[in-house]
Amino acid sequence: MRVSQLYAPTLREIPAEAEVVSHQLMLRAGMIRRAAGGTYTYMPLALRILRKIESIVRQEMDAKGGQELLMPIMQPAEIWRETGRWDVYGDEMFRLKDRHNREFCLGPTHEEMITTLVKADVRSYRQLPLRLYQIQNKYRDERRPRFGLMRSREFIMKDLYSFDKDEEGLNESYEKMYEAYTNVFNRCGLTFRAVEADGGAIGGTGTHEFMVIADSGEAAIVYCPVCDYAANVEKAELNPIDMPVEELEALTIVSTPGTKSIEAVATLLDVSADRTIKTMVFQTDKGLVLALVRGDHEVNEVKIQNLLGCLTIELADEKAITEALGSAAGFIGPVGTLCSTVIADTTVMNMYNGICGANVVDQHYKNVNATRDFTPTIVGDIRHIQENDPCPHCALPVKTARGIEVGQVFKLYTKYSKALKATYLDNNGREAPMVMGCYGIGVSRTMAATIEQHNDEYGIVWPAAIAPYHVVIVPISAKDAAQMSLAENIYENLNAYGVETLLDDRNERPGVKFKDADLIGYPLKITVGPKATNENLIEVKVRRTGEIFNFAIDNYLDEVKKLLATL
Ligand code: ATP
Ligand code: MG
């Protein structure tokens, strides 16, 4: 391809609407343009990159026994009603009706479709396992589409579904996919971690998220620098912290005027925050809930949701608190509470002589002991892990980082096969539900995540494996016939040799061409100037390191290939 013909209009200015670097650079490099909120056109350069990521994904899926198929994006409502997800999915689902008023959705995911498909054709254990995948657009009406391709409303996903006879088979499929994902993200040149995650709306227990480590990531993860433990903070389990044993003292009311926060109470009573019990009030679909954690800890709402089995949870407002509990937020506590559900964190149960709200404005209790003064409805791990908390596996302090979720692997077990009656006959002729897993990779998000990790002040730095082109040739002067003819020659030879090469034949100043090359981020740049024509030396500059190599005209093809293999 000649750059004079390439449809990649670059921009000099940073577009105001773009908050993260991948979004900025994709707009500036002429790779994407916005069509509407959260939907984008992939222009030629972006599409080349996407196709490369997809091809890596296909190779790795096929290597693990995956078979590609393609299901409709438009899905009938009935199958979603059968699993109950037509209602559960809520506003995130794009819904439409046909001319006969029949309801459909634009697929946000395909568990219902694939299970319905497989159930009609698979009868016997001999047909299992099956690992079926597709790569296509998915649609989710995200509450906050943002960060360009990172959280869009139309995006490209690879989704694979495994069907096995039993749990053992599922575990094998899961392990194979875990390996395949590791290979995919390694081959894309990403620094990532597979973290234990929460099941969320899809359900099922065992699940890992593949997180690309980046400050712009929307997810918070913890990991242990010593053992291999890593988890999404939403999920990270915590063991109760032992507290120094003390003699139980008598429960006492203290006056604490105007002290609505843990900080204010601790300051007034001259104690550290870990002597206080923080009481948070939540409104859930199962009613009002008091959640108790040690004063210096934070409540993890996802954990409460899982323990309580509630679908919705949000902080209760002042009015609801006063009406139901007879006191104001800031002074609520578990002792003598009117709230029928009290969930206490395991560490709270180890506290001696703590401080908590007394359910009267401007008053707190001193010397509160959970074992003596109140009875929680549920005791469990409900707090958010924090930096330096003890690792749940080896007890050494954990570290936190931010991550971009590029993929997730899920054990679904029989959730969908039971709901949709996808059964098979086992080798004893007995009917049993298929045991399923599902595995997603955000292909378009992976492209954005790669840019988040691979960029510098001049632009993108593509890993060679997924670069839109490997090499750009920049003749210093398009008017110099000798230069142009040498550049043409190198261009023909490299392409014929399987190195994807662009020729910047535009009649522009070299500075403009260099700037564009750096912005788009081709791994190698070959400058053809007087040195090339006079000394027969091919000057190759590495985008990532700035290193310059001068290769002799008779062996540069191999040298370029060798160099690319390292990038
Ligand atoms: P998130 O928590 O980021 O909303 P999710 O857990 O809902 O994602 P999955 O259902 O696990 O997403 O989808 C599989 C993969 O699809 C994700 O790991 C992610 O890479 C990608 N993905 C999900 N939602 C989006 C989106 N709105 N835009 C781009 N990619 C997405
Ligand atoms: Mg996910």
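Going by alpha carbons, how many degrees (0 to 90, nearest 10) lie between the helix axis of 556-565 and the longest principal axis of the chain?
In the chain, helix 556-565 runs at an angle near 10 degrees to the longest axis.
Given a cut-off of under 8 Å on Cα pairs at least six residues apart, what relative contact order in percent is computed for the range 169-326?
Relative contact order comes out at 13 percent.
First measure r as the distance between the Cβ atoms of D285 and E457, then evaluate 1/(1 + (r/R0)^6) with R0 = 51 Å and state the FRET efficiency to the nearest 0.05.
The calculated FRET efficiency here is 0.55.
Kindly provide the trypsin sites (Lys or Arg not before Pro) of the range 473-523 that DSSP labels as loop, not H, G, I, E or B, and whose Cβ sees at most 10 other Cβ atoms within 10 Å.
Sparse-neighbourhood loop trypsin sites (Lys or Arg not before Pro): K479.
So what's the back-of-envelope 222 nm ellipticity for the chain, counting only DSSP H runs of four-plus at -39500 (n - 2.57) apiece and dividing by all residues, rounded to 500?
Helix-only estimate at 222 nm: -8000 deg cm²/dmol.
With all protein chains present and a 1.4 Å probe, how do M74, M31 order by accessible area, largest first?
M74, M31
State to the nearest 20 debye the size of the charge dipole of the chain about its Cα centre, where the only charges are +1 on K and R beta carbons and -1 on D and E beta carbons.
1720
Modelled label-to-label distance, D87 and E318, 7 Å Cα→beta-carbon offset: nm?
Result for the modelled spin labels: 3.5 nm.
Can you tell me the Rg and Dmax of the range 427-522, counting just the alpha carbons, in angstroms?
22.4, 80
For Y424, which sequence-distant residues (separation of 5 or more, or a different chain) have an amide H within less than 5 Å of its own amide H, given hydrogens modelled in the peptide plane?
Counting only residues 5 or more places away or on other chains, the set is A432, M434.
Using a 1.4 Å probe on the protein heavy atoms only, what accessible surface does E92 show? Give it in Å² to the nearest 10.
The accessible area comes out at roughly 60 Å².
So how do I343, I313 rank on accessible area, 1.4 Å probe, biggest first, that is with the largest at the start?
The ranking, largest first, comes out as I313, I343.
In square angstrom, rounded to the nearest 10, how much accessible surface does D62 have for a 1.4 Å probe?
80
Which Cα, out of L486, A250, G529, lies furthest along the positive dipole direction of the chain (beta carbon charges, K/R +1, D/E -1)?
My answer, from the dipole projection, is L486.
Residue-wise, which Karplus ³J(HN,Hα) couplings in Hz belong to the range 182-189, taking 6.51 cos²θ - 1.76 cosθ + 1.60, θ = phi - 60°, and x for glycine or proline?
Along the range 182-189, the couplings run 4, 5, 4, 6, 5, 5, 7, x Hz.
On a 0 to 90° scale, report how tilted helix 510-520 is relative to the longest principal axis of the chain, with both axes built from alpha carbons and the result rounded to the nearest 10.
In the chain, helix 510-520 runs at an angle near 40 degrees to the longest axis.
Given R₀ = 30 Å, what would the calculated FRET efficiency be for L396 paired with E247, taking r from the Cβ atoms and rounding to 0.05?
According to the calculation, E is roughly 0.40.
Could you derive backbone 3J(HN,Hα) for the range 455-468 from the dihedral phi with the Karplus parameters 6.51, -1.76 and 1.60 (θ = phi - 60°), listing whole Hz in sequence and x where the residue is Gly or Pro?
8, 9, 4, 9, x, 7, 10, 6, x, 4, 4, 10, 5, x
Determine the distance separating the Cα centre of the range 460-482 from the Cα centre of the range 82-119; give it in Å without decimals.
Between the Cα centre of the range 460-482 and that of the range 82-119, the gap is 46 Å.
Amide H of M93 versus every other amide H placed in the peptide plane: which residues, excluding those fewer than 5 positions away on the same chain, fall under 5 Å?
Residues meeting the criterion, in which the H sits 1.01 Å from N, are D141.
Name the GluC sites (Glu not before Pro) in the range 469-567 that are in a loop by DSSP and that have at most 10 other C-beta atoms within 10 Å, would you?
Listed in order of number, the matching sites are E547.
Which trypsin sites (Lys or Arg not before Pro) in the range 202-307 sit in a loop by DSSP (not H, G, I, E or B) and have at most 16 other Cβ atoms within 10 Å of their own Cβ?
K260, K286
Per residue and in Å³, how big is the convex hull formed by the alpha-carbon atoms of the chain?
204
Once phi is turned into ³J(HN,Hα) by the Karplus curve 6.51 cos²θ - 1.76 cosθ + 1.60 with θ = phi - 60°, what whole-Hz value does each residue of the range 22-34 show in order, with x for glycine and proline?
So the J values, rounded to whole Hz, are 5, 5, 4, 5, 5, 5, 5, 7, x, 9, 9, 9, 6.
By how many nm would the segment from I548 to K515 grow when fully extended, if each residue of separation counts as 0.36 nm and the alpha-carbon distance is taken off?
My answer for the length gained is 10.2 nm.
Using a 1.4 Å probe on the protein heavy atoms only, what accessible surface does L288 show? Give it in Å² to the nearest 10.
30
Tell me the per residue accessible area of the chain using a 1.4 Å probe; a whole number in Å² is fine.
Per residue, the chain has 44 Å² of solvent-accessible surface.
Rg/Rh for the range 469-565 to two decimals, with Rh computed the Kirkwood way over all alpha-carbon pairs.
Ratio of gyration radius to Kirkwood radius: 0.92.
Could you put F410, F104 in order of accessible surface area, largest first, with the 1.4 Å probe and the full protein assembly present?
Reading off the accessible areas and sorting them downward yields F104, F410.
Quick one: compute the contact order of the range 252-380, relative version, from alpha carbon pairs under 8 angstrom and 6+ residues apart, as a percent.
RCO, the range 252-380: 28 percent.
Placing +1 at every Lys and Arg Cβ and -1 at every Asp and Glu Cβ, with all other atoms neutral, what dipole size does the range 252-380 have around its Cα centre, in debye to the nearest 20?
Charge dipole of the range 252-380: 320 debye, to the nearest 20.
Using Cα pairs under 8 angstrom and six or more residues apart, how large is the relative contact order of the chain, in percent?
Dividing the mean separation by the residue count of the chain yields 16 percent.
Can you pull out the cysteines in the chain that have no other Cys Cβ under 4.7 Å?
Here C105, C188, C310, C339, C356, C438 come out as lacking a disulfide-compatible partner, given the Cβ-Cβ threshold of under 4.7 Å.
The values are calculated or read from the model by the stated rules, or taken from the named source; none is laboratory data. These numbers were taken from a predicted model, which means no experiment stands behind them. All Cβ positions, even for glycine, are placed from backbone atoms using ideal geometry, and neighbour counts span all protein chains on display. The protein model used for the area step is the full one, side chains on, heavy atoms only, and it has no ligands, DNA or RNA in it. Shrake-Rupley method; radii C 1.70, N 1.55, O 1.52, S 1.80 Å.
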